[in-house]
Amino acid sequence: FDSGQGAEFAKGGLTLEDLRKIAHESGEPTPRSGKQEWLESIINQYI
């Protein structure tokens, strides 16, 4: 929440409804990579 709309929300400038609208307009984020999940799966096999 250091910049942008997150900072505005933290200062009380946006409501949860405003954030919901922003999230709805932005859509789902695209996954960057499954590499982290793959590595976590390998590590969890040994834990």
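The values are calculated or read from the model by the stated rules, or taken from the named source; none is laboratory data. Source: prediction; values computed, not measured. Using ideal geometry, Cβ is built from the backbone for each residue, glycine included, and neighbour counts are taken over all protein chains shown.
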Exercise. Output the qualifying pairs, or none if there are none: Cβ atoms under 9 angstrom, residues six or more apart or on different chains, first residue in the range 26-47 and modelled with pLDDT under 90, second residue acidic (Asp, Glu) and surrounded by 10 or more Cβ atoms within 10 Å (Cβ to Cβ).
Key: none
Quiz prompt | Residues that are loosely packed, with under 10 Cβ neighbours inside 10 Å, in a loop (DSSP other than H, G, I, E, B) and more than 14 Å from the chain's Cα centre (by Cα), drawn from the range 3-47 | solution = Ser3, Lys11, Gly12, Ser33, Gly34, Ile47
